[in-house]
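Worksheet for the structure shown next.
The values are calculated or read from the model by the stated rules, or taken from the named source; none is laboratory data. None of the values given here were measured: they were computed from a predicted structure. Note that we place each Cβ from the backbone using ideal geometry, even for glycine, and neighbour counts take in every protein chain shown.
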Amino acid sequence: MNLNGKKGLILGVANDQSIAWGCALMAKKLGADVIVTCLNEKAKGYVEPLTNPENIGLEVCNVEDQGALELLVNNAVKKLGRLDFVIHSIAWAPLEDLHGRVVDSSSTGFARAMEVSCHSFATLAKLCAPHMPTGGALLTMTYLGADEAVPHYGLMGPVKAALESLVRYMAVELGGRKIRVHAVSPGPILTRAASGIDHFDELMQTAAQKSPLGRPVRLDEIASLCTFLCADGASGMTGQTIYVDGGCHAVG
């Protein structure tokens, strides 16, 4: 497996534990030219010390800002020339909605969670597709809570369920352009975004106990799956939710 000569855009680096960062390092190691994003200028101060030594490009992008995704894609294409793969690894919901019952969630909070965590992937695909002349791969991150009512996952469950459905529709719509679309579903891993979930330590412990492999999934294992899906070896696959969770999804 290699990504020699491929050009990639990866959204969602917050620190060295981010899934997006693991994917960026793996893609770079496999020969790709990569640009990553962080949320804002404050986050840039934490991410630049990671990207600079690796010669990985960095852009600031808050998908809630008007025109931010358009500017991001334009800048990425100017620097890279084209896009062969895009990894969308961003998710967010207001804490007051995330920590409460789904039935108590505000319409505003629900809509913002859906915009950031789901609809931004559709917008990103629309913007990137014209710059993928020979096809490529679009990936996003989901979780088992899209299919099961996982304790404390709350509002993000319905949002991720919508995201997985979106992946299937996008796969159908973009397949004629040889653009493949997948959702990757890792087991619980301690990222900055995940730290906002109530009782997340318990979630990780339960997953490790439930897993047939008897341990949590590692960042490099998630990155390995994502880079495989971006490589030519996965050219016959699209429209799937693919688990990398130690087998948790298979255990009732």
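Of the residues making up region 94-124, those that are touching a helix residue (DSSP H, G or I) at 6+ places or on another chain (Cβ under 7 Å) and outside any helix (DSSP H, G or I) are P94, S105, S106. Between L138, L95, which is aliphatic (A, V, I, L, M), at pLDDT below 95 and either closer than 19 Å to G239 by Cα or out of contact with any Leu (no Cβ under 9 Å at 6 or more places or on another chain) (or both)? After ruling out the rest, the residue left standing is L95. In region 114-144, of all residues being more than 27 Å from P216 (Cα to Cα) and among the small types (G, A, S), the one that is nearest to the chain's Cα centre (by Cα) corresponds to S120.
Across region 105-122, which residue is nearest to I87 (Cα to Cα) among those that are in contact with an Asp or Glu (Cβ under 9 Å, 6 or more places away or on another chain) and in contact (Cβ under 8 Å) with a residue 24 or more places away in the chain? I'd like the intermediate steps shown before the answer.
Taking region 105-122 and keeping what is in contact with an Asp or Glu (Cβ under 9 Å, 6 or more places away or on another chain), we get 105-106, 108-110, 112-113, 115-116, 120.
In the following step, the residues that additionally are in contact (Cβ under 8 Å) with a residue 24 or more places away in the chain were identified as 105, 109-110, 112-113, 115-116, 120.
Details: S105: 28, G109: 24, F110: 23, R112: 20, A113: 18, E115: 17, V116: 14, S120: 12 Å.
Once the filter is applied, the top-ranked residue is S120.
For A171, the test of being buried (at least 18 other Cβ atoms within 10 Å of the Cβ), at pLDDT 95 or above and out of contact with any His (no Cβ under 9 Å at 6 or more places or on another chain) is failed.
Just one of the listed residues (A91, A129, A149) is surrounded by fewer than 22 Cβ atoms within 10 Å (Cβ to Cβ), in contact with a helix residue (DSSP H, G or I) (Cβ under 8 Å, 6 or more places away or on another chain) and closer than 19 Å to V36 by Cα, and it is A129. Against the criterion of being β-branched (V, I, T) and either within 29 Å of E202 (Cβ to Cβ) or touching a helix residue (DSSP H, G or I) at 6+ places or on another chain (Cβ under 9 Å) (or both), V167 qualifies. Among the residues making up region 169-179, a single one is of a type outside the set (A, V, I, L, M) and over 12 Å from A129 (Cβ atoms): Y169.
Filtering region 30-69 to residues that are over 19 Å from the mean Cα position of the chain (by Cα) and assigned to a helix (DSSP H, G or I) leaves E41, K42, G45, Y46, E48, P49, N52, P53, E54.
Residues that are surrounded by 23 or more Cβ atoms within 10 Å (Cβ to Cβ), assigned to a loop (DSSP other than H, G, I, E, B) and more than 12 Å from the chain's Cα centre (by Cα) within region 3-22 comprise L3, K6, listed in sequence order.
Quick one: in region 191-212, of everything that is surrounded by 14 or more Cβ atoms within 10 Å (Cβ to Cβ) and in a loop (DSSP other than H, G, I, E, B), which residue is modelled with the highest pLDDT? Write out each step before concluding.
So the first thing to find is which residues in region 191-212 are surrounded by 14 or more Cβ atoms within 10 Å (Cβ to Cβ), and the list is 191-194, 196-198, 200, 203-204, 206-208, 210-211.
Cutting the leftovers down to in a loop (DSSP other than H, G, I, E, B) gives us 191-193, 197-198, 211.
Working: T191: 66, R192: 59, A193: 63, I197: 66, D198: 65, S211: 89.
My answer is S211.
Residues in region 147-178 that are part of a helix (DSSP H, G or I), within 19 Å of V116 (Cβ to Cβ) and in contact (Cβ under 8 Å) with a residue 40 or more places away in the chain: how many? Final tally of qualifying residues: 11. The set of residues in region 3-34 being farther than 20 Å from L219 by Cβ and touching a residue at least 40 places away in the same chain (Cβ under 8 Å) consists of K6, K7, D33. Scanning region 217-238 for residues that are closer than 21 Å to M170 by Cα, within 15 Å of the chain's Cα centre (by Cα) and not polar (S, T, N, Q) turns up L225, C226, F228, L229, C230.
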